[in-house]
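First comes the structure, then the notes that go with it.
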Amino acid sequence: MAQQIRFFEIPASDYSFPNFSFTITDTLADDNGQIIADFMRNRNLTSSWITTGSADSNNTEVLADFGDAQDLTSIFLVKHNLKDFTLEYFNGTAWINFSTITGNALETTEHKLPTGVSVYKVRLTITGTMVPDDDKRITQFLGTREIGQLESYPEITRMNHAQGIRNNTMLSGKHNISNSVGSTSFTLGVKVNESQADVDLFESFYYTYRRGVMVYLNGGDQDQFRLKLRGYRLEDFYVVKPAKDYRDDLYKSLYQSGVKQAFEFQEVV
């Protein structure tokens, strides 16, 4: 079933939260990857945590410590090679299993936590990789709380993956073209929004979540799109903020009509 756009809080595992930490346990590996564990926090898909010389029988453990209690709804494991694994959360008293996976074939997976629980830590125990005895790899570990999912179907336009391209003409007449890491931006437009829940959600981006929100444009279903495009894939999460002030013009100025809305979202640090 197709999924509409979902919005989440900035993950409590994000690099911007100093109290969070990873502890990797794999005593039989040549290198358990502890020194690069924070690659799972850095919001990009170009670097990953990975072990060296780790077999499936090692039962590699990734411990995510949030520092204090969190109200989380989902753990996303992004661009990984895990086939068999277990996820548990620590509620301050005991470890509780909330997801046991066997035979996984997806590189990006969502694991939902029970509603209203306090999560101090999450423990991931890996017992198998997609290719047996491969080194374990996770590109992003996102522990977050869902803010809401749109009811309406806005138009997604002006999807732009800027790379900071600079084009300088040299004395020879040839060009020197360079680029930076860049950022993503897009526009969501609703011609007539008649959903109060959606209006409340959009308003919260301005008045509640001033640091930004994490958007999941595919909602968890990339197959609803004909093409696999950057921005709409399972692994594409962006921390964004509105780039312009909030407007809520009534359609044709009618009191009983919906509201015309358009939002420009820009990826932020």
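Is it the case that the range 243-255 has a residue that's of a type outside the set (Phe, Trp, Tyr) and touching a Leu at 6+ places or on another chain (Cβ under 9 Å)? No, the conditions are met nowhere in the range 243-255. One residue stands out in the range 18-38 among those that are of a type in the set (A, V, I, L, M, F, W, C) and in a loop (DSSP other than H, G, I, E, B): the one that is farthest from Lys136 (Cα to Cα), namely Phe20.
Residues are listed down the side, and each one gets a yes or a no for (1) part of a strand (DSSP E or B); (2) among the small types (Gly, Ala, Ser):
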site: Lys121; (1), (2): yes, no
site: Leu124; (1), (2): yes, no
site: Val131; (1), (2): no, no
site: Asp134; (1), (2): no, no
site: Gly164; (1), (2): no, yes
site: Thr184; (1), (2): yes, no
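Being within 22 Å of Ser21 (Cβ to Cβ), out of contact with any Pro (no Cβ under 9 Å at 6 or more places or on another chain) and modelled with pLDDT under 95 is not true of Asn91.
Only a single item in (1) within 21 Å of the chain's Cα centre (by Cα); (2) buried (at least 17 other Cβ atoms within 10 Å of the Cβ); (3) modelled with pLDDT of 95 or more is not met by Pro154, and it is number (3). Here the range 157-191 is the region considered, the condition is being of a type in the set (S, T, N, Q) and over 22 Å from the mean Cα position of the chain (by Cα), and the residue that is nearest to Glu267 (Cα to Cα) is Asn179. Considering each residue of the range 50-80, count those that are crowded, with 19+ Cβ neighbours inside 10 Å and outside any strand (DSSP E or B), and give that number. Counting residues in the range 50-80 that are crowded, with 19+ Cβ neighbours inside 10 Å and outside any strand (DSSP E or B) gives 5.
Put simply, of Val239, Val192 the only residue that is within 30 Å of Ala69 (Cβ to Cβ), hydrophobic (A, V, I, L, M, F, W, C) and touching a residue at least 60 places away in the same chain (Cβ under 8 Å) is Val239.
The values are calculated or read from the model by the stated rules, or taken from the named source; none is laboratory data. Quantities reported herein were computed from a predicted structural model and do not represent experimental measurements. Backbone-built Cβ (ideal geometry, glycine too); neighbour counts: all protein chains shown.
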